[in-house]
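Comments concern the structure below.
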Amino acid sequence: MGGGAIIGANSVVGSDVGPYTIVVGNPAKVLRKRFDDELVDLLLAFRWWDREIEEINALIPILTCSDLEKAKRELGARLWSS
C-alpha cells in the first residue's frame with residue numbers, strides 16, 4: 001500500500017493503493033488524492049519518516065500546515081538544500 005494512504009472503515013483493498021490516496025468501499029475504490037501531485041512527489045522524495053526524531057519534530061509545523069503552497073515551498077527548500 002502507498003505511504004500516507006487513507007483506507008476507509010470496512011473497505012476491502014484488493015490491489016495496490018497509490019501514495020496519499022483515499023480509498024473506500026468494497027471493493028475499495030479511489031475517492032480522491034489527499035494532495036496534488038507536486039506535494040505528493042515532494043513528500044515521497046523528502047522521506048520525512050526516515051529522518052531523526054529531532055528533525056521530524058522540527059518539521060511538524062510544515063507537515064501540519066494548512067497552507068499547502070507554503071508546505072511545498074518549505075519542503076522543496078529543505079529537500080534541495082540537503
Check: If you rank Trp48, Trp80 by fewest surrounding Cβ atoms within 10 Å, what's the result?
Finding: Trp80, Trp48
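Give a quick list of trypsin sites (Lys or Arg not before Pro) in the stretch 16-82 that DSSP marks as loop, anything other than H, G, I, E or B, with at most 12 other Cβ atoms within 10 Å.
Arg47
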Notebook entry, point to check: What is the distance, in nm, between label points placed 7 Å from the Cα along the Cα-to-Cβ direction at Glu69 and at Ile56?
Noted result: 3.1 nm
Next item on the list: Report, to the nearest 10°, how far helix 68-81 tilts away from the longest principal axis of the Cα atoms in the chain, using its own Cα long axis and a range of 0 to 90°.
Entry: 60 degrees
Notebook entry, point to check: Hey, with R₀ at 35 Å, roughly what FRET efficiency would Trp80 and Lys29 work out to, going by the Cβ-Cβ distance, to 0.05?
Noted result: 0.45
Margin query: Taking amide H atoms as placed 1.01 Å from N in the peptide plane, list the residues 5 or more away in sequence, or in a different chain, whose amide H sits under 5 Å from that of Gly4.
Written below: Tyr20
Next item on the list: Measure nothing but the geometry: give the 0 to 90° angle between the long axis through the Cα atoms of 37-46 and the longest principal axis through the Cα atoms of the chain, rounded to 10°.
Entry: 60 degrees
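None of the figures in this text is laboratory data; all of them are computed from the coordinates on show. Values in this document were obtained by computation on a predicted structure and should not be read as measured data. Every residue, glycine as well, gets a Cβ built from its backbone with ideal geometry; the counts of neighbours run over all protein chains shown.
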